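The values are calculated or read from the model by the stated rules, or taken from the named source; none is laboratory data. The model shown is predicted, which means the values in this text are computed figures rather than measured ones. Ideal geometry is used to build each Cβ from the backbone, glycine not excepted, and the neighbour counts take in all protein chains shown.
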Amino acid sequence: MARWLTGIEIHPGAKIGRRFFIDHGMGVVIGETAEIGDDCTLYQGVTLGGTSWNKGKRHPTLGNNVVIGAGAKVLGPFKVGDNARIGSNSVVIKEVPANATVVGVPGRVVEAGGGGADVRREIARKLGFDAYGTTPDMPDPEAHAINRMLDHIHTLDRTVRQLCQTLREAGIEPGTPQLPELKGCELHSAASREGWPEQNGNGAATQQRNTGVSN
């Protein structure tokens, strides 16, 4: 009856802590062996599910003060640490450390390299978690990976040119490498406006990008 009235499916065997809050609960599913700590929040469409039919623990355990964004799927018998954040539409299949922010499919922890806890929290705040997946700074993992490869290729290109110059200074002609130019190859996430031309009041930048017309 409760599922029919609310659209929320909570198995009677699930263990739920105090002050548990479901915001816009339609489509939320909480499995039989799931455990939820105190002060946790789930948004619509969240699944705390299992990945097997085996008896025993099959569903995740949430620590205290965990927030899981809309449409996220947390699948398997692992722990999501205290104060963790799971971004909208992420699919999490591994344990999440305390105070971490997870985004993506499969879910990855958003961290700052070499910084302290304050830096990691700031990176997570800016890039990682948004309950509805609408943050303008949400990272695009594929574009990021390709851009890193392009950076690597640029570095190799500079190294080859330096080696060629050294050989010429030593009286050895290495020939001219026929390499295509890579200028302007950086990719921009469709979820972020960073790197795109600024639009004026008449939308001129959008028209230029769509038509290929340059000033």
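From the list V110, V92, V46, which residue is of a type outside the set (D, E, K, R), buried (at least 23 other Cβ atoms within 10 Å of the Cβ), assigned by TED's automatic domain parsing to the domain that holds D23 and farther than 20 Å from H11 by Cα? None of the others qualify; the one that does is V92.
It is to be established whether one or more residues within segment 32-46 are among the aromatic types (F, W, Y) and touching a His at 6+ places or on another chain (Cβ under 9 Å).
To start, the set of residues in segment 32-46 that are among the aromatic types (F, W, Y) comprises 43.
In the following step, the residues that additionally are touching a His at 6+ places or on another chain (Cβ under 9 Å) were identified as 43.
Yes.
Against the definition (surrounded by 17 or more Cβ atoms within 10 Å (Cβ to Cβ) and hydroxyl-bearing (S, T, Y)), how does T6 come out, yes or no?
On the way: surrounded by 17 or more Cβ atoms within 10 Å (Cβ to Cβ): no; hydroxyl-bearing (S, T, Y): yes.
Spelling it out, it is not the case that T6 is surrounded by 17 or more Cβ atoms within 10 Å (Cβ to Cβ) and hydroxyl-bearing (S, T, Y).
Just one of the listed residues (G63, G31, G25) is buried (at least 17 other Cβ atoms within 10 Å of the Cβ), within 20 Å of G87 (Cβ to Cβ) and touching a residue at least 24 places away in the same chain (Cβ under 8 Å), namely G63.
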